[in-house]
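*Asks:* Right, I'll just put the structure down here and ask away after.
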Amino acid sequence: MDTATADAASPEIDTRPEAIRVAGLHKSFGDLEVLKGVSLTARQGDVVAIIGGSGSGKSTMLRCINFLETPSAGQIVIGGEEVAMRPDGSPANQKQIERIRTRLAMVFQQFNLWTHRTLLENVIEVPVHVLKTPRAEAEARARQLLERVGLAGREDTYPAYLSGGQQQRAAIARALAVDPSAMLFDEPTSALDPELVGEVLTVIRDLAAEGRTMLLVTHEMKFAREVANHVVYLYQGRIEEQGPPAEVFGNPQSERLKQFLSSVA
Amino acid sequence: MTGLLELLGLGASAELLSLSGWGGNLLRGLVNSLQIAFGAFGMGLVIGLFGAYGKLYGGKVTRDLLAIYTTVIRAVPELVLILILYYVGSDIINKISAAMGGGRVEINGVAAGIWVLGVVQGAYATEVLRGAIKAVPTGQIEAAKSYGMPAFMIMRRVTIPAMMSFAVPGLANLWLIATKDTALLAVVGFNELTLETRQAASSTRAYFTFFLAAGALYLMVTLCSGVVFARIEKWARRGQPSLKGGTA
Ligand SMILES: Nc1ncnc2c1ncn2[C@@H]1O[C@H](COP(=O)(O)OP(=O)(O)OP(=O)(O)O)[C@@H](O)[C@H]1O
Ligand SMILES: [Mg+2]
């Protein structure tokens, strides 16, 4: 499989607007080339699952999309707006990056909540200080969001006093608070004890069901198959195979994908 | 204090220490000392914050200059530094004044003391804050970045509050050093607590009384600071479960 773009839906023409388009993305750390020309398009409402072995470049790809990592080459278009890059891939316009980042909410493997702030403060931080939402409005919405992820009553608790699953759900509330046009999940359940994985997946499943655009790096194959409408298999910095979950999981073409799937099964 | 001294049969000492006499001088010296310590500590914090950020994120030249600054200041004995900085400082001010057609400038003792000790404190604060900033989990800064916070806002809203718990113990030490380093300013004739004490002692020959009183005053400052810093530390550590295991 060597198609240039990974249009998520069926062969007939898809008119949904593009949320994220990545074209020819390269990334090297020194001599180590981690991404070797990755192209991918997610349209509004797509749930794209990114799978692959450790070190295949999944996190790096996700992090290049919001410029936590500076791409070495390639093109990144968010909601139709191309990110201006210098020839070396570094962002040409920091203000543009900051604006685009507010539309791409990221959920991290290690939650990365701000530990000196309560859950409520974590959730209102970006709306109030970056997006300049009036505080009262931001707080009311934050309470709704915390309730939605099952954390009503914990608004004034500091993250360190919560379980990993609760922290990750709070991090998802923080992500929703910016009303993102797309969400980036980097192995949101990998740091969790097995019995806490379910509660976080439930929240993500609901978000998928309501039509949120998501890029989801995950090792939970069953979950990927269930919520994603497109699956991308990354192997050593290239997209080795991609397609609808039923095909990628049910009828894998490449030997490597077959091997990978049997190793994680 | 007076009652206690009376009780110990130190009535004469109590009289010597009366506020209208030498005791008042001592207290004025203490106020001067505290003013300088406070100013120098504050100046040190500002220098330290810039210094720490410069050392961590600055260009090569910035980092080299800061390395020279912190190394030299921490290597040379404070007393020597104070003499150098004091005389260099007043010399420069007088040269500038002369160049602009003015006469000799009377150097304000408090301002000079703050400048001299502030430069010294800045070097130590740079190291304390650099360590504290480095101890902030990178994930918290990445989260702030990924939500579109500009660099200065990240520093103000995330890095500084998050590093506080790591910085406060070191800063508390620096503050205590600042209060005691004010005594070194006696060498340049500044009327802080130690010089006042020496003058009172030599005028009255009551060395024991006055140096004991000065010692008590320094001790009091230290004890009060301890209380204040304990509170600050508690606040800075909000959100971190205590090592003994506490409640939310
Ligand atoms: N900041 C960095 N500096 C140098 N090398 C890096 C850096 N970040 C990642 N790498 C390397 O890039 C490669 C891809 O890493 P990446 O984190 O994207 O993998 P991944 O697919 O997310 O793996 P995992 O499933 O283990 O999270 C790895 O070999 C990793 O060592
Ligand atoms: Mg990863």
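Derivation of every value follows stated rules applied to the coordinates shown; laboratory data play no part. Since the model is a prediction, treat every value here as computed from it, not as a measurement. Neighbour counts run over all protein chains shown; Cβ positions are idealised from the backbone, glycine included.
*Asks:* Write out the GluC sites (Glu not before Pro) in region A:202-265 meeting two conditions: DSSP loop, and at most 16 other Cβ atoms within 10 Å of their Cβ.
*Replies:* A:Glu210
*Asks:* Write down the percent of antiparallel bridges among all DSSP beta bridges whose residues are both part of chain A, to the nearest 5.
*Replies:* Expressed as a percentage, antiparallel bridges in chain A total about 55.
*Asks:* Hey, what angle do you get for helix A:194-209 against the long axis of chain A, alpha-carbon based, 0 to 90 degrees rounded to 10?
*Replies:* Rounded to the nearest ten degrees, it is 80.
*Asks:* A further question follows. Please compute the alpha carbon radius of gyration of region A:12-94, then divide it by the globular-protein estimate 2.2 N^0.38 Å. Two decimals is fine.
*Replies:* Working: Rg = 13.1 Å, N = 83, 2.2 N^0.38 = 11.8 Å.
After normalising by residue count via 2.2 N^0.38 Å, the value is 1.11.
*Asks:* Continuing with this model, one more query. Using θ = phi - 60° and the Karplus form 6.51 cos²θ - 1.76 cosθ + 1.60, what ³J(HN,Hα) does each residue of region B:204-212 get, whole Hz, x for Gly and Pro?
*Replies:* Whole-Hz 3J(HN,Hα) from phi for region B:204-212: 9, 6, 8, 4, 4, 4, 6, 5, 5.
*Asks:* Write down, largest first, the equivalent ellipsoid semi-axes of region B:100-223 in whole Å, where each equals the square root of 5 times an eigenvalue of the alpha-carbon gyration tensor.
*Replies:* Rounded to whole Å, the semi-axes are 42, 21, 9.
*Asks:* Say we join alpha carbon atoms closer than 10 Å with springs in a Gaussian network model of chain B; which of B:Arg156, B:Arg237, B:Arg63 then has the biggest fluctuation?
*Replies:* B:Arg156
*Asks:* Taking the Cβ of A:Arg141 as the centre, find all other residues whose Cβ is under 15 Å away and add up their charges (Lys, Arg: +1; Asp, Glu: -1). Walk me through the numbers on the way to the answer.
*Replies:* On the way: positive: A:Lys132, A:Arg135, A:Arg143, A:Arg148, A:Arg174; negative: A:Glu121, A:Glu125, A:Glu137, A:Glu139, A:Glu147, A:Glu155, A:Asp179.
Once positives and negatives cancel, what remains is -2.
*Asks:* Taking only the alpha-carbon atoms of the protein assembly as shown, what semi-axes of the equivalent ellipsoid follow from 5 times the gyration tensor eigenvalues under a square root, in whole Å, largest first?
*Replies:* 62, 27, 18
*Asks:* Turning to a different aspect of this structure: Please give the residues of region B:156-180, grouped as numeric ranges, whose backbone N is less than 20 Å from a label point set 7 Å along the Cα-to-Cβ vector of B:Lys134.
*Replies:* So the set is B:159-174.
*Asks:* Per residue, how big is the convex hull around the C-alpha atoms of chain A? Give it to me in cubic angstrom, could you?
*Replies:* For chain A, the hull spanned by Cα atoms encloses 132 Å³ per residue.
*Asks:* Sort A:64-73, B:164-173, B:70-79, B:120-129 by packing, meaning the average of other beta carbons within 10 Å per residue, with the highest value first.
*Replies:* In decreasing order of mean packing, A:64-73, B:164-173, B:70-79, B:120-129 become B:120-129, A:64-73, B:164-173, B:70-79.
*Asks:* Work out from phi, with θ = phi - 60° and the Karplus expression 6.51 cos²θ - 1.76 cosθ + 1.60, the ³J(HN,Hα) of each residue of region B:35-51, listed in order in whole Hz, and give x for Gly and Pro.
*Replies:* Whole-Hz 3J(HN,Hα) from phi for region B:35-51: 4, 5, 4, 4, x, 5, 4, x, 4, x, 4, 5, 4, x, 5, 5, x.
*Asks:* I need A:Asp193, A:Asp31, A:Asp186 ordered by Cβ neighbour count within 10 Å, fewest first.
*Replies:* A:Asp31, A:Asp193, A:Asp186
*Asks:* Among residues other than A:Leu257 whose Cβ falls under 9 Å from its Cβ, what is the net charge (Lys/Arg +1, Asp/Glu -1)? Don't skip to the end; give the middle numbers.
*Replies:* Numbers: positive: A:Arg256, A:Lys258; negative: A:Glu240, A:Glu241, A:Glu255.
Once all neighbours under 9 Å are counted, the net charge is -1.
*Asks:* For A:Gln144 and A:Glu82, what does the FRET efficiency come to when R0 = 45 Å and r is the distance between their Cβ atoms, rounded to the nearest 0.05?
*Replies:* With R0 = 45 Å, the Cβ-Cβ based efficiency is 0.85.
*Asks:* Tell me the net charge near B:Ala37. Cut-off is 13 Å between Cβ atoms, B:Ala37 excluded, with +1 for each Lys or Arg and -1 for each Asp or Glu. Show your work: numbers first, answer last.
*Replies:* On the way: positive: B:Lys180; negative: B:Asp181, B:Glu192.
Neighbourhood net charge equals -1.
*Asks:* Which links in A:Lys27/B:Lys145; A:Lys27/A:Lys258; A:Lys132/B:Lys234 stretch past 23 Å when you go from one Cα to the other?
*Replies:* A:Lys27/A:Lys258; A:Lys132/B:Lys234
*Asks:* A further question on this structure: Please list, in order along region A:170-184, the HN-Hα scalar couplings obtained from phi with the Karplus expression 6.51 cos²θ - 1.76 cosθ + 1.60 (θ = phi - 60°), rounded to whole Hz, x for Gly and Pro.
*Replies:* Karplus-based 3J(HN,Hα) across region A:170-184 equals 5, 5, 5, 4, 4, 5, 5, 5, 8, 6, x, 7, 8, 10, 10 Hz.
*Asks:* Next question. Collect residues whose amide H, placed 1.01 Å from N in the peptide plane, falls under 5 Å from the amide H of A:Arg238; neighbours closer than 5 in sequence don't count.
*Replies:* Residues meeting the amide H criterion: A:Lys36.
*Asks:* If each DSSP helix of 4+ residues adds -39,500 (n - 2.57) and the sum is divided by the residues in the protein assembly as shown, what number results at 222 nm, nearest 500 deg cm²/dmol?
*Replies:* Mean residue ellipticity at 222 nm (helix-derived): -18000 deg cm²/dmol.
*Asks:* May I ask you to give the average projected area over all directions of the convex hull of the Cα atoms of region A:108-265, in nm² rounded to one decimal?
*Replies:* Its average projected convex-hull area is 10.0 nm².
*Asks:* If region A:113-179 were replaced by its equivalent ellipsoid, with semi-axes equal to the square roots of 5 times the Cα gyration tensor eigenvalues, what would those be, largest first, whole Å?
*Replies:* Numbers: eigenvalues 63, 27, 19 Å².
For region A:113-179, the semi-axes come out at 18, 12, 10 Å.
*Asks:* Could you put B:Lys55, B:Lys234 in order, starting from the residue whose Cβ has the fewest other Cβ atoms within 10 Å?
*Replies:* Ranked by crowding around the Cβ, least crowded first: B:Lys234, B:Lys55.
*Asks:* Order by neighbour count: A:His219, A:His129, A:His116, fewest other Cβ atoms within 10 Å first, most last.
*Replies:* Ranked by crowding around the Cβ, least crowded first: A:His219, A:His129, A:His116.
*Asks:* Calculate, in whole percent, how much of the Cα-Cα pair population of chain B lies beyond 28 Å. Present the calculation step by step, with values, prior to reporting the outcome.
*Replies:* Working: 14552 of 30628 pairs.
Counting every Cα pair in chain B, those more than 28 Å apart make up 48 percent.
*Asks:* Once both labels are modelled 7 Å past Cα along the beta-carbon direction, what's the B:Arg238-B:Met153 spacing in nm?
*Replies:* Computed distance between label sites B:Arg238 and B:Met153 equals 2.1 nm.
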